[in-house]
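All of the numbers you see were taken from the coordinates with simple rules; none came from a lab. Because the structure is a prediction, the values reported are computed rather than measured. No Cβ is skipped: glycine too gets one built from the backbone with ideal geometry, and neighbour counts run over all protein chains shown.
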């Protein structure tokens, strides 16, 4: 089990417990979604981030409402942490009219500007140029808000990655590029898609710092993020943080992931970010069994409510298949 | 009394006026800053507005469009310049998948008020990659508006309308017209409404539907036909999507004959769609098959001889109109 370092950005016990709550909530939400897929309740488009939760919690925790995030298809938890309700997210995943897109697209292709959430397309890396534009708006306004943009190691091979990071470096924009390096682009392992070991090395070519960290250590992610946020807010430009992690499930819930060995999966499961953090918190006497049970019950109730709401919510009006294409 | 400007100056004046009026408008693209743009369209703008609002970018069409989209989500109205319309393919995904779908996939909650300026068209010796007319790609994609002015007046008025529009607008400015098309432009806040065609010449015997640099040869051809006793109505579409169905149908109902002229290639060019819609909805008004004069299904070659062999011109339009009138 990897060691957890103390963070120089102080966190109170209450804050640590909030992070714990989010790790558990995000995991539970994805697990319940996965079960709904198996029950045939979700049409498609479920890409869980199970095993990668520390990245979302470590980067989103403590963000301002005005800080913009540009999450990936696996980052449903980022929507929750930024303030979208479980009900809305579940309705979105079940293609109901109460979802963010009125049932027009599943997954996370729909953002919430008032909460600072951008919804990307399925074109991986295509959120990065948009993140540059969002960050440019903050620079124009001379405000110290920051954009946090996520991408996979696979997307770091897409042209948009290069164009966006280069432009962000040239313009010295307040943007964090968070790499969720989960070792596989669908089925293609890292060594088949990159001739280097660390995506973080690519930052050097754009004139800013890149660091590779343990993405399963929520405090390590938090610490690196806070440092990068402080630099971005001070006008010192972008940072690339490569979070090494692993997705426990396949690319989507329909992918059995035969391209990986059981040993490899088991090894990474032993590095479960939640178990690691739980052990740390109980060792610090911050977390008790009683608290764990209380959190689990609270999360179950919230997600039960969200599923019941989404199941009961009406399907979209067929007329809406051709509306909302243009504003005027 | 409105002043006379070239088409190019009219485009610049639209941007300058909108940037003075609205601090949320800015320009970004390759060489648009102190250099003033490859064609000089943004000349002097960096001096007036500063390089923070007239932004030189790296050669990164996808990031230029994506950056415009991102800023637009925070209330800005960016004008993204593609140096040539030919290069718009490098920013294609951001336009067709990011901008065009944004409103739809957000349940109508989000708009993308960007303008992508695309200097298009041939007859300037540009060869394969500096002459293209890629408007049909964007007409085909729901969620976008596409305009293509033919006069200085419309160049200004349509660009102002595009900047103020809440939807993504692809603005095709024809390079052949930059300094050749000169005329009065609207003063101040007057705009040319998106979605409205203009009747450039009235006639009763046949209708020409056209746009961009093809309007002038169509008018030449109409004058020639007039000498032969055939009065041709020339409709300048101005907006290609949403095209002005009412104006098109009204003219067809009047003339019962239709020729479509565009510089874009024939197969699945806008003419194919217009032809289909007219046949679907106004078949009983037609006295002759719809005809098209377009670029052949080929690339734009460098040699003057080869390019001239491809470009629609007044002679070809005249001949097509004669056949149409005689049918």
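Observations
- Estimated 222 nm signal from helices in chain B, with DSSP H stretches of n ≥ 4 weighted -39500 (n - 2.57), rounded to 500: -10000 deg cm²/dmol
- Peptide B:72-81, shielding by other chains (average Cβ, 10 Å cutoff): 4
- Likely footprinting exposure, B:59, B:64, fewest C-beta neighbours within 10 Å first: B:59, B:64
- Beta bridge orientation in the stretch B:4-184: antiparallel %, DSSP, nearest 5: 15
- Ordering of B:268-278, B:126-136, B:297-307 by packing is B:126-136, B:268-278, B:297-307, highest average first (other Cβ atoms within 10 Å, averaged per residue).
- With a 10 Å cut-off around each Cβ of A:107-120, the average count of Cβ atoms from other chains is 3.
- Sorted by Cβ neighbour density within 10 Å, fewest at the top, the residues B:156, B:24: B:24, B:156
- Estimated D of the protein assembly as shown in µm² per second, where Rh is the Kirkwood radius over Cα pairs and Stokes-Einstein applies at 20 °C, 1.002 mPa s: 80
- What separates the Cα centres of the stretch B:192-221 and the stretch A:115-179 is a distance of 44 Å.
- Compared with the alpha-carbon gap, the fully stretched path from residue B:299 to residue B:319 is longer by 4.8 nm at 0.36 nm per residue.
- With kT/(6 pi eta Rh) evaluated at 10 °C and eta = 1.306 mPa s, and Rh the Kirkwood radius from Cα pairs, the stretch B:4-184 diffuses with a coefficient of 100 µm²/s according to Stokes-Einstein.
- Mean per-residue shielding of peptide A:75-85 is 0, counting Cβ atoms of other chains within 10 Å of each Cβ.
- Where both bridge residues fall in the protein assembly as shown, DSSP classifies roughly 15% of the beta bridges as antiparallel.
- Each peptide in B:38-47, A:126-135, A:306-315 gets a packing score, the mean of other Cβ atoms within 10 Å over its residues, and the list from highest to lowest is A:126-135, B:38-47, A:306-315.
- Rounded if a/c under 1.5, otherwise prolate or oblate - the stretch A:13-322, Cα gyration tensor axes: rounded
- Antiparallel content of DSSP bridges confined to the stretch B:198-326, in %, to 5: 20
- Relative to one another, the C-alpha centroids of the stretch B:58-126 and the stretch A:207-244 are positioned 30 Å apart.
- Efficiency of FRET from Cβ geometry, residue B:193 and residue A:233, R₀ 35 Å, rounded to 0.05: 0.20
- Per-residue ellipticity at 222 nm from helix content only, as computed over chain A with -39500 (n - 2.57) for each DSSP H run of at least four residues, stands at -13500 deg cm²/dmol.
- Annotation for the stretch B:264-308 versus the stretch A:42-77: alpha-carbon center distance of 49 Å.
- Residues B:211, B:327, ranked from the fewest to the most other C-beta atoms within 10 Å, line up as B:327, B:211.
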